[in-house]
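Heads up: the structure comes next, in structure tokens.
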2 protein chains.
Amino acid sequence: MGHRPALALHGGAGVLPQERFPSDLADSLQAELLRCLAEGWAVLHAGGPAVEAVCACVAALENIPWFNAGHGAVLNADGRVECDAAVMAGDGRCGAVAGIRSVRQPVHLARRLLEEPGLVFLAGAGAEAYARREGFEAVEESYFVTAQRQQELAQARKTGTVSLDTAERFGTVGAVACDGQGRLAAATSTGGLTNKIPGRIGDSPVIGAGTYACDDSCAVSCTGIGEVFLRQVVAHDIAARLRYGGQSLKAAVETVVLDELPALGGEGGLIAVTPAGELVLCHNSPSLYRAWQRADGPPQAAIF
Amino acid sequence: MGHRPALALHGGAGVLPQERFPSDLADSLQAELLRCLAEGWAVLHAGGPAVEAVCACVAALENIPWFNAGHGAVLNADGRVECDAAVMAGDGRCGAVAGIRSVRQPVHLARRLLEEPGLVFLAGAGAEAYARREGFEAVEESYFVTAQRQQELAQARKTGTVSLDTAERFGTVGAVACDGQGRLAAATSTGGLTNKIPGRIGDSPVIGAGTYACDDSCAVSCTGIGEVFLRQVVAHDIAARLRYGGQSLKAAVETVVLDELPALGGEGGLIAVTPAGELVLCHNSPSLYRAWQRADGPPQAAIF
């Protein structure tokens, strides 16, 4: 291996300060993050590609109802599920889906599009029809729905809010990786915002906004107030600061996450990795549920 | 006016070389482009904002059946219309819609989202339900459909192609403007590709890919092979080359359009403007249907 593998994942940005966060929840949350990290690290450790590692992490996170992606995705204003996901490899291949409610692992559908030379982005019923043709099993929408998310929607309807001020606020999940050959990848998956207007697409599935990877610069996965990340084209902006501005990953990420986004109401955070295996995980929200591992280092997890 | 207004529009990139292009068609095409340009120039001349000027141009282009946007949009593999549009102001406000088949002027729906602080991107039935709530008249899908597009779909189905090798190939429309106060805007509208897979979203409605504006750098509207423009985040990449790399608009556009995109199969072109009123219109395809005007200069149109 000429390069040192590195892997990071996030399970969204949270709004509870540390003193109000249940400590037993923090422990089990970090254990889950580490379990998902291990899925991706096994790929890298075996010499596998970065794109497979990020998909392994994100698929594992989608299966945990605590996070707002796949099983446990939040409900829109009609009480329906609309999952969005994207994956990008540093060689420019990418796939993205929006408005998915019948594919168990939305990130796997995005991954399938990444393999299509002439397709990148599919939405809604057309994306689900494509999934059927490609052999993805159809799951009932009820697979995604949890009692917790139904309660959150009922509460959001009562208060007329579109996002909930709970620990679950941004449970978007994502991962970035550098593999042993210096190839990068990023993936992101989300259910969006509780009580969101049907048809709303946030930054997660938008290549350049919530998800981006280029082997010459970095791979980025974002979480937070999607509309602000869309306007700022955040993930590609980080890469452009490296490529054209010669900024370090740390300087680029901190300028965007700690200076620019807060001024625009862009609460959230992101994770990023360079071909040298440098990892940066940064948030302007009270917390970012995250885990990471570098070559020869131990897996680590943190919340605040 | 402290700034010199400038305006440009495009009606897509074409594939016919000049010697095979009917000269009477060229004349009437340029007359139409100039008529649409005048709609936007009237806004700038009256001291109006760039965002209103680009929407006036694009709305006029949507109404002309020759172009692949609004009335005359191409048909997908199911024989259905799916219009996409985006508009962005240089102050960061933006709106985008995908999969529209009941709103006469998709760019006006995108413009409505631009005015919403908490929303950017809506797709499909949810976007159309939003349009109804906002008072947009519902038009029958047949409003968009022309005999020409039905013939093109029949031909595409016969040959199994997703895009047609005719003069109509890329009839996406777009506009960029700098107003008298140095404010920028960009707008793009398209029916996508003939015989496209239902649900497919190209670069046009994706902020950063086909459409982008920032008052500190430039405004950009693209047309071409959407998937390549999506992967390259082309519009934001142009802006980032100016902002972080100190490149001139001309150098940035020519590097991307003439060097990078052709190597990736990214046939097409783009139009761009800076706050100084500098206009660049560039294409690697045989033609780019275009028109432009600078302060104190005459309106001009070109194809090749």
Fluctuation leader among A:SER217, A:SER102, A:SER142 - chain A, Gaussian network, Cα springs under 10 angstrom: A:SER142
19 Å reach of a label modelled at B:GLU116, 7 Å along Cα-to-Cβ, counting backbone N of region A:207-223: A:210
Compute the distance in nm between two label points, each set 7 Å from the Cα along the Cα-to-Cβ direction, one at A:VAL139 and one at A:ARG35. 1.5
Using the 7 Å Cα-to-Cβ label point, sort the distances from B:GLN151 to its equivalents in the other copies shortest first and give them in nm to one decimal. 6.3
Projecting the Cα atoms of B:HIS3, B:ASN68, B:PRO17 onto the charge dipole of region B:1-97, where Lys and Arg contribute +1 and Asp and Glu -1 at Cβ, the residue farthest towards the positive end is B:HIS3
Please list the non-local residues whose amide H lies under 5 Å from the amide H of A:GLY14, H modeled 1.01 Å from N, same-chain partners needing a gap of 5 or more. A:SER287, A:LEU288, A:TYR289
Compute and list, largest first, the equivalent-ellipsoid semi-axes of region B:30-119 from the alpha carbon gyration tensor, each √(5λ) rounded to a whole angstrom. 23, 19, 7
Taking the Cα centre of region B:6-302 as the origin, how large is its charge dipole in debye, to the nearest 20, when only Lys and Arg (+1) and Asp and Glu (-1) carry charge on their Cβ atoms? 360
How far, in nm to one decimal, is A:HIS45 from itself in the other copies if the label point is set 7 angstrom along Cα toward Cβ? Shortest first, please. 7.1
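Find the eigenvalues of the gyration tensor of the Cα atoms of chain B, then list the square roots of 5 times those eigenvalues as equivalent ellipsoid semi-axes, largest first, in whole angstrom.
The three semi-axes for chain B are 26, 22, 18 Å.
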How far apart are the B:GLU116 label points across copies, placing each 7 Å from Cα toward Cβ, in nm, shortest first? 2.6
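Rounded to two decimal places and with Rh computed the Kirkwood way over Cα pairs, what is Rg over Rh for region A:170-283? Each step should come with its number before you reach the end.
On the way: Rg = 13.2 Å, Rh = 13.7 Å.
My calculation puts Rg/Rh at 0.96.
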Which one of B:ALA69, B:ALA239, B:ALA86 has the biggest mean-square fluctuation once chain B is modelled by GNM with Cα springs under 10 Å? B:ALA239
Here the FRET efficiency for B:ARG132 versus A:PHE304, based on Cβ atoms and R0 = 41 Å and rounded to 0.05, is 0.40
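Can you divide the C-alpha Rg of the protein assembly as shown by 2.2 N^0.38 Å and report the result to two decimal places? Let's see the in-between values first.
On the way: Rg = 22.9 Å, N = 608, 2.2 N^0.38 = 25.1 Å.
Relative to the rule-of-thumb radius for its length, the protein assembly as shown sits at 0.91.
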Tally Lys and Arg at +1 and Asp and Glu at -1 over the other residues with C-beta under 14 Å from the C-beta of A:CYS222: what net charge comes out? -4
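Since every read-out is calculated from the coordinates, none of them should be taken as a lab result. What you are looking at is a predicted structure, and each value in this text was computed from that prediction instead of being measured. Please note: Cβ atoms are built from the backbone with ideal geometry, for glycine as well, and neighbour counts cover all protein chains shown.
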